[in-house]
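The values are calculated or read from the model by the stated rules, or taken from the named source; none is laboratory data. Please read all numbers here as calculations on a predicted model, not as lab measurements. Glycine also receives a Cβ, built like all others from the backbone with ideal geometry; neighbour counts cover every protein chain displayed.
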Amino acid sequence: MSEKYCYNLRHGLSFHQKNIRFCTTLQLGEIISIYEEKPKELALKIQETRRIIKKNLDNKIIPNGCENCRYRIQECYETEKIKRIDLYYWYHCNCGCFYCSYRDETKGEFSDKIKEGNPVIYKTIEELYRLDEIDKNNLFVNFGGGELGVLKEFPKLINLFLKNNVESIWCETSGIRYSKELAKALEKGKAGLSIAICSGSPETYKKIKKRDKYTQVLNNLKKYINAASKCKTNPNNASRVISKYIILQGFNNNVNEIDKWLIDSMNIGIKQVEISMEFCWGIHTKKGEKVEDYNYELFEYTEKRCKQLGLALKKNETSLAIMKEGIY
Ligand code: SF4
Ligand code: SF4
């Protein structure tokens, strides 16, 4: 029996802004490439590196960047194919969240202009399909990075995955620009999305996001819920459209704002909400400090209110892991 060690090393592939890796965790892990190759060479390099890592793991050799990782997932499969692709390879966004982890790169700039991210990615994924490196019927795709609504190749990528019978596509989006392709994937029961609205009023939204788009985002969320509700194969498909709230000290860490957020979410037909602490920015600015009490209190409060309102609640998993340890 081989040493499997981590799901991401066995089945993950993560396209980042500066490199390609196996995972999208705060640990970072092993790097495969820094985008110096053309798509065909890149796909072959990914294939080759995945073989080497597997052989090393079979011989109990763990990659340097992975030692003592607290994010590794030990649940692995017998197949060696890629089952998860993370797409975090661009910075461009139409929103200006003050807590954005890309602020060092973007300098807080944002725009509604549609821009190309990295055209190599589409062709590389096409090539990986051709090499039979991807588990066609069981692929999970995760879009993060900047904003997918202003990423030029987003519609093309969605269509490539749908054509290849993707199992599920998860999208983190600002929700400012409506995407027809995302709605199409939702309608087919092949996607889910999360919009971190982080507020229950236009005023708080603008303070956090630097855009006056609260009502527009709620309207787009409603359109996505309608699209998801049309799915013929999953009666609970609408619960895959999630309204998210990241607790931000001095901006929204109070029960009044949480109440307004829950009510507005409920009124547009949201079935599931998510609560999270701010760990990316938090770890960046408070590393080693104690997690503040208000995070625990507001998680508890949100749970109580969701039960009263009949909303399903997702508690962000990374937040729970950090809150359990009690230290950023
Ligand atoms: S062990 Fe940790 S760093 Fe390495 S691939 Fe897995 S999750 Fe990523
Ligand atoms: S929506 Fe996401 S990528 Fe855009 S500024 Fe906010 S946190 Fe950053």
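Annotations for the structure displayed:
- Matching option when the condition is of a type outside the set (D, E, K, R), in contact (Cβ under 8 Å) with a residue 12 or more places away in the chain and closer than 20 Å to GLY192 by Cβ, among ILE322, ILE283, ILE275, ILE327: ILE275
- Cβ pairs under 7 Å, 6+ apart, first in segment 16-43 and under 19 Å from TYR102 (Cβ atoms), second aliphatic (A, V, I, L, M) and within 16 Å of ligand 2 (Cβ to nearest atom): LEU26/ILE283
Residues are listed down the side, and each one gets a yes or a no for (1) within 11 Å of ligand 2 (Cβ to nearest atom); (2) under 21 Å from ILE258 (Cβ atoms); (3) part of a strand (DSSP E or B); (4) at pLDDT below 95:
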{"residue": "TYR178", "(1), (2), (3), (4)": "no, no, no, no"}
{"residue": "LEU186", "(1), (2), (3), (4)": "no, no, no, no"}
{"residue": "ILE195", "(1), (2), (3), (4)": "yes, yes, yes, no"}
{"residue": "GLY200", "(1), (2), (3), (4)": "no, yes, no, no"}
{"residue": "LYS206", "(1), (2), (3), (4)": "no, yes, no, no"}
{"residue": "VAL217", "(1), (2), (3), (4)": "yes, yes, no, no"}
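- Exclusive hit being among the acidic types (Asp, Glu), in contact with a Lys or Arg (Cβ under 9 Å, 6 or more places away or on another chain) and crowded, with 17+ Cβ neighbours inside 10 Å, set GLU167, GLU147: GLU147
- Residue in segment 185-215 that is farthest from the chain's Cα centre (by Cα), counting only those that are surrounded by 16 or more Cβ atoms within 10 Å (Cβ to Cβ) and among the polar types (S, T, N, Q): THR204
- Count of segment 301-320 residues which are more than 24 Å from the chain's Cα centre (by Cα) and not polar (S, T, N, Q): 6
- Filter result for TYR245 (part of a helix (DSSP H, G or I) and of a type in the set (Ser, Thr, Tyr)): no
- Some residue of segment 118-129 being at pLDDT 95 or above and more than 18 Å from ILE20 (Cα to Cα): no
- Condition check for PHE154: closer than 28 Å to ILE283 by Cα and within 16 Å of ligand 2 (Cβ to nearest atom): no
- Number of the condition not met by THR233 [criteria: (1) of a type outside the set (Lys, Arg); (2) more than 30 Å from TYR296 (Cβ to Cβ); (3) part of a helix (DSSP H, G or I)]: (3)
- Residue ID - farthest from TYR328 (Cα to Cα), chosen from residues in segment 62-73 that are surrounded by 15 or more Cβ atoms within 10 Å (Cβ to Cβ) and not hydrophobic (A, V, I, L, M, F, W, C): PRO63
- Condition met for LYS107 (free of Cβ contacts under 8 Å to residues at least 24 places away in the same chain and either of a type in the set (A, V, I, L, M, F, W, C) or within 16 Å of ligand 2 (Cβ to nearest atom) (or both)): yes
- Qualifying residue in segment 284-294 (condition: among the hydrophobic types (A, V, I, L, M, F, W, C), in contact with a Lys or Arg (Cβ under 9 Å, 6 or more places away or on another chain) and surrounded by 15 or more Cβ atoms within 10 Å (Cβ to Cβ)): no
- Taken over segment 59-94, the criterion of being under 19 Å from ILE32 (Cα atoms) and either within 16 Å of ligand 2 (Cβ to nearest atom) or of a type in the set (D, E, K, R) (or both) is satisfied by GLU67, ARG72, GLU80, LYS81, LYS83, ARG84, ASP86, LEU87, TYR88, TYR89, TRP90.
- Any hit, segment 85-95, residues being at pLDDT below 90 and within 15 Å of the chain's Cα centre (by Cα): no
- Considering segment 15-61, the residues that are assigned to a loop (DSSP other than H, G, I, E, B) and of a type in the set (Asp, Glu) include one that is surrounded by the fewest Cβ atoms within 10 Å (Cβ to Cβ), namely GLU36.
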